[in-house]
Amino acid sequence: MVAAERGRTRWGLVLPFLAVPVVVLGFLVIGMFMWAWPDENGDDRSGAAATVPCAEALAFGGAGRPGGAEVRDCTVQHGIDTAYAAVLRMPRGDVRDWLRATYPDAPEARTGGSCGALCLDVTHEEGLPGTAEAHVVQVRVEYENAETARVRFSAFTM
């Protein structure tokens, strides 16, 4: 009678089948870290706001810089959607004319309620120009004093 070899088990057959799920899981974890890591070109998909030229922020929503306006605090956020924002200070009397000229097919800006002094929401279905990359533009206006308005402009995709 021949004795069984010592030191040999059936693990030699089972071990490769157990190693495959561990390797696949490792690749998935590494892939998630690589996806979340920002690209070298600065395209950070973490959702943090990045400063951009104000002309870029306004153009994304199909708008141009209004005459006599000070435009600042222009940012973009990338995530599932893209969102641009800008803050403008401009003569109070020029706000409605700028909105009408920029979005001639949009509904009239509304006043009162929770929107502050003046609000405008524009979509592709309701007045966004064809040059706009955004799906929605929101404009919120607050009057700082008798002459000056602070305009918060946001344009985003959905």
Original post:
At a 1.4 Å probe radius, carbon and sulfur cover how many percent of the accessible area of the chain?
Top reply: 59
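Could you tell me the relative contact order of region 28-158? Use alpha-carbon pairs under 8 Å, at least six residues apart, and round to a whole percent.
24
Below 9 angstrom from the Cβ of residue 92, what's the summed charge of the other residues (Lys, Arg +1; Asp, Glu -1)? Each step should come with its number before you reach the end.
Details: positive: none; negative: 94, 144, 147.
Computed value for this residue: -3.
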**OP:** Order 81, 105, 97, most accessible first, counting only protein heavy atoms with a 1.4 angstrom probe.
**Re:** 105, 97, 81
Original post:
Can you give the extra length, in nm with one decimal, that the chain gains between residue 81 and residue 51 once fully stretched, where that is 0.36 nm per residue apart less the Cα-Cα distance?
Top reply: 9.1 nm
**OP:** Have a look at 111, 82, 102 and tell me which one the Gaussian network model of the chain (Cα, springs below 10 Å) gives the largest fluctuation.
**Re:** 111
Original post:
Which residues in region 87-105 have a backbone N closer than 16 Å to a point placed 7 Å from the Cα of residue 126 along the Cα-to-Cβ line?
Top reply: 100, 103-105
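Subtracting the Cα-Cα distance from 0.36 nm times the residue separation, let me have the gained length for residue 96 to residue 65 in nm, one decimal.
Between residue 96 and residue 65, full extension yields 9.8 nm more.
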Subject >> Accessible area per residue in Å² at 1.4 Å probe, computed on the chain >> reply: 68
Original post:
In the set [x] 0.94; [y] 1.44; [z] 1.07, which value of Rg/Rh (Cα atoms, Kirkwood Rh) was calculated from the structure you see?
Top reply: [y]
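Whenever you get a sec, line up 22, 71, 139 from highest to lowest accessible area (probe 1.4 Å, protein heavy atoms). Could you put the intermediate results ahead of the total?
Numbers: 22 100, 71 25, 139 0 Å².
Largest accessible area first, the residues go 22, 71, 139.
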Original post:
What do you reckon, how do 135, 78 stack up by accessible area (1.4 Å probe), largest on top?
Top reply: 135, 78
**OP:** Along Cα→Cβ, 7 Å out, is where each label goes; now give me the distance between the ones at residue 73 and residue 114 in nm to one decimal.
**Re:** 2.0
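Determine the sum of side-chain charges near residue 135: Lys and Arg each +1, Asp and Glu each -1, restricted to other residues whose C-beta is under 10 angstrom from that of residue 135.
-3
The values are calculated or read from the model by the stated rules, or taken from the named source; none is laboratory data. A quick note: this is a predicted structure, and the numbers were derived from the prediction, not measured. Here the Cβ is made from the backbone with ideal geometry for all residues, glycine too, and neighbour counts use every protein chain on show. Note: areas computed on protein heavy atoms with side chains; ligands, DNA, RNA excluded. Shrake-Rupley method; radii C 1.70, N 1.55, O 1.52, S 1.80 Å.
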